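A short write-up of the structure that comes next.
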Amino acid sequence: MHVLIIGCGAIGSYYAERLLSANVDVTVTARSSHLRALKQSGLTVVHDGETRSHRVSALSHAELVQQHAAHDFDVIIVALKATHTLRLISDIGQWLKDGATPVLSIQNGVDNERLFAELLGKNRVWGGLSVQSGGEITLPGLATTTGCFKLIIGPWPYSATLPETMQQLATIWQSQGVPVEVSKHIQKELWKKLIVNNGVNPLSAVEQEMTYTLTHSDKYKHKVFRAMQETARAASYDGVGISDAEVEAMFHLIKTFNSIKTSMLIDLEKGRELELDAILGSVIARCRMLDSPASTTESLWQQLTSKPIPESLDALFVHCLQ
């Protein structure tokens, strides 16, 4: 199997390393000093204290388009920050469109798949999410990660049948100790992940606290739960029903996670763009469409930007909400 992973950050690095350990032909994309290190020294992942290193084919997006066609790969995995999805489509959208290879998004949020489906058609889009996973690029070429890194993948938004290639990919990861669930209802799974993300990511950045403190402290846990409830309400706009009992179960689940520094807090500390639209904005826009504002999520948005929520936010998501 030939696999392309677009975006070799911490999440992309972990899953790339597990495929490389199974002798899969893997190509990754990266940029800047990280790309140079990958080319020169290969990829190293330190996962819960265990170090693994591999040589890997690493390319910039420009080099990818010059050296390969999309049909050179059996699966294309997008592991970029959601803030980069539109830029990716602008950069290599035509390259993707010219092929027939399925595209698997394992990004935060619930709208990346919609954007890829607008470009490629639903039949080429797979959704995915990584749960109980954390990490960062600690040095160029080096990812430090923690957690079980469970993957849930499936045809987007849902399907009665599962592609053979998807099953093969899942089996390869499973052979390397990665828990993989293949779902026929991936859209609901994506919303469940967003419920967790919207519960802890924004508040962790506002308060600069790790997840254990947020879910166990009387000062924060009620705000986490309200943000989760608002996300479940937003899901109903997409026709996805998530019960109160399911929200309660997800809150209990994140209380039992290893305490991690969320991706949004890491981005804040490193001065990078936050995934506000993908995490908070998707919830705010849908709740506004339902005429039931997400007051906790809106408050977190304002604290993270020190600016009012733009009046044009609803319009920003119209193409994703239709």
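No lab work stands behind these numbers, since they all come straight from the coordinates. Since the model is a prediction, treat every value here as computed from it, not as a measurement. Don't worry about glycine lacking a Cβ; one is built from the backbone with ideal geometry, like all the others, and counts go over all protein chains shown.
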Helix 164-175: angle to the longest alpha-carbon principal axis of the chain, degrees 0 to 90, nearest 10? 90
Amide H contacts under 5 Å for PHE149, restricted to residues at least 5 apart in sequence or on another chain and with H modeled in the peptide plane, are SER133
Dimensions in Å of the chain - Rg and Dmax from alpha carbons: 18.8, 55
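Once you keep just the Cα pairs under 8 angstrom separated by 6 or more residues, what percentage relative contact order results for region 188-321?
Working: 162 pairs, mean separation 40.8, N = 134.
Relative contact order here is 30 percent.
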Magnitude of the Cβ-charge dipole (Lys and Arg +1, Asp and Glu -1) of the chain about the Cα centre, nearest 20 debye, reported as 280
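Summing +1 for each Lys or Arg and -1 for each Asp or Glu, what net charge is found among the other residues whose Cβ lies under 12 Å from the Cβ of GLN187? Each step should come with its number before you reach the end.
Working: positive: ARG114, LYS122, LYS184, LYS188, LYS192, LYS193; negative: ASP111, GLU113, GLU189, ASP238.
My count for the surroundings of GLN187 gives +2.
Arrange the peptides 121-134, 92-105, 164-177 so that the one whose residues have, on average, the most other Cβ atoms within 10 Å appears first.
Details: 121-134: 21.1, 92-105: 18.2, 164-177: 15.3.
Answer by packing, highest mean first, reads 121-134, 92-105, 164-177.
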Describe numerically, in nm with one decimal, the distance between label points set 7 Å from Cα along Cα→Cβ at GLN94 and at SER175. 3.9
Given only helices, namely DSSP H runs of n ≥ 4 each adding -39500 (n - 2.57), what is the per-residue ellipticity at 222 nm of the chain, to the nearest 500 deg cm²/dmol? -14000 deg cm²/dmol
Using the Cα gyration tensor of region 88-200, with a ≥ b ≥ c the square roots of its eigenvalues, what is the shape: rounded (a/c below 1.5), prolate (a/b larger than b/c) or oblate (neither)? rounded
Neighbours of ILE242 by Cβ distance under 12 Å: Lys/Arg at +1, Asp/Glu at -1, summed charge -2
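Expressed in nm to one decimal, what extension gain is obtained for the pair LEU86 and SER236 from 0.36 nm per residue of sequence separation less their Cα-Cα distance? Could you put the intermediate results ahead of the total?
On the way: separation 150, 0.36 × 150 = 54.00 nm, distance 2.50 nm.
Extra length from LEU86 to SER236 when fully extended: 51.5 nm.
Please order GLU275, GLU207, GLU189 by the number of other Cβ within 10 Å, starting at the fewest. Write down the numbers at each step before the final one.
On the way: GLU275 23, GLU207 16, GLU189 20.
Starting with the residue having the fewest Cβ neighbours, the order is GLU207, GLU189, GLU275.
Expressed as a fraction of 2.2 N^0.38 Å, the rule-of-thumb size for a compact globular protein of N residues, what is the C-alpha radius of gyration of region 2-184?
On the way: Rg = 15.1 Å, N = 183, 2.2 N^0.38 = 15.9 Å.
Rounded to two decimals, the normalised Rg is 0.95.
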Eligible aspartates and glutamates near LYS81 by straight Cα distance, threshold 17 Å, same-chain separation 8 or greater: ASP91, ASP111, GLU113, GLU136, ASP267, GLU269, GLU273, GLU275, ASP277
Quick one: helix 10-21 against the long Cα principal axis of the chain, what's the angle to the nearest 10°, folded into 0 to 90? 40
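What is the sum of charges around ASN112, taking Lys and Arg as +1, Asp and Glu as -1, for the other residues whose C-beta is under 13 Å from the C-beta of ASN112? Working shown, then result.
On the way: positive: LYS81, ARG87, ARG114, LYS193; negative: ASP111, GLU113, GLU118, GLU275, ASP277.
It works out to a net charge of -1.
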State, to one decimal in nm, how far the label point of CYS148 lies from the label point of HIS71, with both points 7 Å from Cα in the Cβ direction. 4.1
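At 20 °C and 1.002 mPa s, grab the translational diffusion coefficient of region 176-322 from Stokes-Einstein with a Kirkwood Rh over Cα pairs, rounded to a whole number in µm² per second. Present the calculation step by step, with values, prior to reporting the outcome.
Numbers: Rh = 15.7 Å.
Approximately 136 µm²/s, per Stokes-Einstein.
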Give me CYS148, CYS8, CYS287 sorted ascending by neighbouring Cβ count inside 10 Å, so fewest comes first. CYS148, CYS287, CYS8
